[in-house]
Amino acid sequence: MASRRICLWFVFMIFTQSVGEDMRSVQMSSMRGSKFQCASPSCLPFVNLITSTIMKCQMACLAQIYCRAASFHQSTSNCELFTDMSNEIANMATDTDITTMIVIAGTRSPPEPTTTSTTTSTTSTTTSSTLTTTSSTSTTTSSTSTSITTSSTSTSTTTSSTTTSSTTTSSTTTSSTSTSTTTSSTTTSSTSTTTSTSSSTTKTPRIWVTTGSLNTARQYHTATILTNGKILVTGGDNGIYLDSTELYDPASGIWTNVGALNIARRIHSASILANGTVLVAGGQNSTPINSAVLYNQVTNTWIVTGNMNSARMSQAAVTLTNGKLLVIGGYDGSNFLNSAELYDPSTGIWTSTGNMNSIRTNPTAVLLTNGKVLAMGGYDGSNYLNSAELYDPSTGTWTTTGSMNAARDPPTVSVLTNGKVLATGGASTGGVTLNSAELYDPSTGAWTASGSMSIARAGHSASLLANGTVLVAGGYTGSTYLSTTELYNPSTGLWTAGPSMHTARGYHAAFALLYGTVMLSGGTNGTSSLNSVELY
């Protein structure tokens, strides 16, 4: 027999963005003793956080525009956030330890990314009428849920309504009285007839909003999303090499310092491992270094681990499906490298694996859906490269695959939902900056042109959005740093202009958060390193 669900009122304030006005509010229904779950057993929450109170769990859902429901575990302080993916519906399972809150459709401000309206018209006659409102009293009686109003502004809004319900179970009644400004409206008498039914979907344009700034301005740094939804930023430079690291909490919009690296560095790699730790390797500190350190998000500490076999900067790193980390190419201070090595988290030891067929510094490498690694582009000390090759973890060997249509150093790359790889922009032969884009198909090993961006750019970012499109942001044309963005639609192969950022920037760190929002941090505007951060 299902347990009785007790409904409570929660009214609380949500953070206001530190720069500009980002006023957000949402109404949520609350059900104690119920756990939100998916229609499919394999469906998981898109963010899993530890929050000290149910209020902070609610705040986390408000901060993440794709959040549709939150389940708070009182005994463990675990906060699970769910979105509206096709296999997720608001099923409920009885669990006395959990309170679930579901966003009431249409109450989020700013609004949800997509709203759908359907209008059906029939013959109607409207006579002239005048409506005047001077005051109202609102009484709500409910037995299953209560409305949670969350707002970041101090100005209250009262909506007049009366709802009556009859039930055999316990209920909570809340009454409020408010006075509203007199409003009059007049409708001229008219008669209209129609037999059509119309349905339309309106997509609310997404915009850039600022969030909490980094404590230290930086460029050529790394940003890594952790399994708890927070973001770790490491190293970089702002005129000096940096050893500082910072942690961003999406629920609060605040950055906190989390200790120092053992050696200051920039142009390094930072990769999350299967056990949730982050491995920072190599980079430049006056000269390339071979040191590696691990960040433990549970203890919030840094631990030195085994050194790489080669010092290297401007390398690429990919976490493999077997849990090991592959690091390739780069520059050791004297030589451009084609070597590759593997880090084993279980031993903390690096071992050499097969060399690439081409020397590459500034390569880009991505994990394909078949478990192989695609490495492409870069610079060999004499030429910009258009070649690409595949690493097979089962054999430890590299094989060449189709070359890109243009040499790129480095290409900015995204793995699409269909498994293809999109390469955009970069510097090419003669130092020319590219606006072209191309697609790699793993099934054929071939690259095909896929339209061109409106502006040539290098040092930009490319992020895969929740709807499958790719957001390209910022970068450097060869003479100007950019605030412009562009969107690539894989279904059509077309590029369209996106909203401009607040700040022109290149050589920043960017990543798509687990709930579909993209964050850009730091970088340079050509004059100085930046500490500003923006969300799309």
Residue ID - farthest from Ser532 (Cα to Cα), chosen from residues in segment 485-510 that are among the β-branched types (Val, Ile, Thr) and surrounded by fewer than 20 Cβ atoms within 10 Å (Cβ to Cβ) | Thr492
All but one of (1) at pLDDT 80 or above; (2) surrounded by fewer than 18 Cβ atoms within 10 Å (Cβ to Cβ); (3) in a loop (DSSP other than H, G, I, E, B) hold for Ala217, so report the exception by its number.
-> (2)
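Being under 30 Å from Gly506 (Cβ atoms), out of contact with any Lys or Arg (no Cβ under 9 Å at 6 or more places or on another chain), without any contact (Cβ under 8 Å) to a residue 24 or more places away in the chain and surrounded by fewer than 21 Cβ atoms within 10 Å (Cβ to Cβ) is the requirement here; does Ser382 meet it? Let's see the steps before the verdict.
On the way: under 30 Å from Gly506 (Cβ atoms): yes; out of contact with any Lys or Arg (no Cβ under 9 Å at 6 or more places or on another chain): yes; without any contact (Cβ under 8 Å) to a residue 24 or more places away in the chain: yes; surrounded by fewer than 21 Cβ atoms within 10 Å (Cβ to Cβ): yes.
In short, yes.
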Counting only residues that are in contact with a Pro (Cβ under 6 Å, 6 or more places away or on another chain) and not charged (D, E, K, R), segment 298-321 contains a total of 4
Which one of these is under 18 Å from His221 (Cα atoms) and charged (D, E, K, R): Arg312, Arg360?
-> Arg312
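Matching residues to (1) under 26 Å from Thr399 (Cα atoms); (2) of a type in the set (S, T, N, Q):
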site: Ala260; (1), (2): no, no
site: Pro288; (1), (2): no, no
site: Val298; (1), (2): no, no
site: Trp302; (1), (2): no, no
site: Ala311; (1), (2): yes, no
site: Ser314; (1), (2): yes, yes
site: Phe336; (1), (2): yes, no
site: Ile349; (1), (2): yes, no
site: Thr353; (1), (2): yes, yes
Quick one: what pairs do we get from segment 327-338, first residue touching a residue at least 60 places away in the same chain (Cβ under 8 Å), second part of a strand (DSSP E or B), C-beta under 7 Å, 6+ apart or different chains?
-> Ile328/Ala316; Ile328/Ala340; Ile328/Ala365; Ile328/Ala375
Within segment 291-325, which residues are assigned to a strand (DSSP E or B) and among the small types (Gly, Ala, Ser)?
-> Ala292, Ala316, Ala317
Among (1) among the aliphatic types (A, V, I, L, M); (2) over 27 Å from Leu320 (Cβ atoms); (3) free of Cβ contacts under 8 Å to residues at least 60 places away in the same chain, where does Ile267 come up short?
-> (2)
What are the residue pairs meeting all of these: first residue in segment 247-264, first residue in a loop (DSSP other than H, G, I, E, B), second residue of a type in the set (Asp, Glu) and at pLDDT 95 or above, Cβ atoms under 8 Å, and 6 or more apart or on different chains?
-> Leu261/Asp243; Asn262/Asp243; Ile263/Asp243; Ala264/Asp243
Please work out which residue is nearest to Val318 (Cα to Cα), limiting yourself to segment 416-464 and to residues that are modelled with pLDDT under 95 and among the β-branched types (Val, Ile, Thr).
-> Thr417
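Say we look at segment 235-246 and pick out the residues that are free of Cβ contacts under 8 Å to residues at least 60 places away in the same chain and out of contact with any Phe, Trp or Tyr (no Cβ under 8 Å at 6 or more places or on another chain); which of these is surrounded by the fewest Cβ atoms within 10 Å (Cβ to Cβ)?
Taking the candidates together, the pick is Ile240.
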Subset of segment 326-351 [under 28 Å from the mean Cα position of the chain (by Cα) and farther than 17 Å from Ala270 by Cα] = none
Hey, among Gly333, Gly377, which residue is surrounded by fewer than 21 Cβ atoms within 10 Å (Cβ to Cβ), under 18 Å from Arg312 (Cβ atoms) and not hydroxyl-bearing (Ser, Thr, Tyr)?
-> Gly333
Hey, can you tell me all the residues within segment 341-371 that are closer than 20 Å to Arg408 by Cβ and either out of contact with any Asp or Glu (no Cβ under 7 Å at 6 or more places or on another chain) or touching a residue at least 60 places away in the same chain (Cβ under 8 Å) (or both)?
-> Thr361, Pro363, Thr364, Ala365, Val366, Leu367, Leu368
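Hey, does segment 454-475 have a residue that's in a loop (DSSP other than H, G, I, E, B), touching a Lys or Arg at 6+ places or on another chain (Cβ under 7 Å) and under 28 Å from Gly354 (Cβ atoms)? Working first, answer last.
Of the residues in segment 454-475, the ones in a loop (DSSP other than H, G, I, E, B) are 454-457, 459-460, 465-469, 474-475.
If we keep only those that are touching a Lys or Arg at 6+ places or on another chain (Cβ under 7 Å) as well, we get 474-475.
Add one more test, that the residue is under 28 Å from Gly354 (Cβ atoms), and what stays is none.
Scanning segment 454-475 turns up no residue that is in a loop (DSSP other than H, G, I, E, B), touching a Lys or Arg at 6+ places or on another chain (Cβ under 7 Å) and under 28 Å from Gly354 (Cβ atoms).
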Would you pick out the residues in segment 339-357 that are in a loop (DSSP other than H, G, I, E, B) and surrounded by fewer than 20 Cβ atoms within 10 Å (Cβ to Cβ)?
-> Pro345, Ser346, Thr347, Gly348, Gly354, Asn355, Asn357
Among the listed residues Leu530, Leu482, which satisfies the condition of being more than 22 Å from Ile225 (Cβ to Cβ), out of contact with any Leu (no Cβ under 6 Å at 6 or more places or on another chain) and buried (at least 18 other Cβ atoms within 10 Å of the Cβ)?
-> Leu482
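The values are calculated or read from the model by the stated rules, or taken from the named source; none is laboratory data. Predicted, not measured: the structure shown is a model, and the values here were computed from it. All Cβ positions, even for glycine, are placed from backbone atoms using ideal geometry, and neighbour counts span all protein chains on display.
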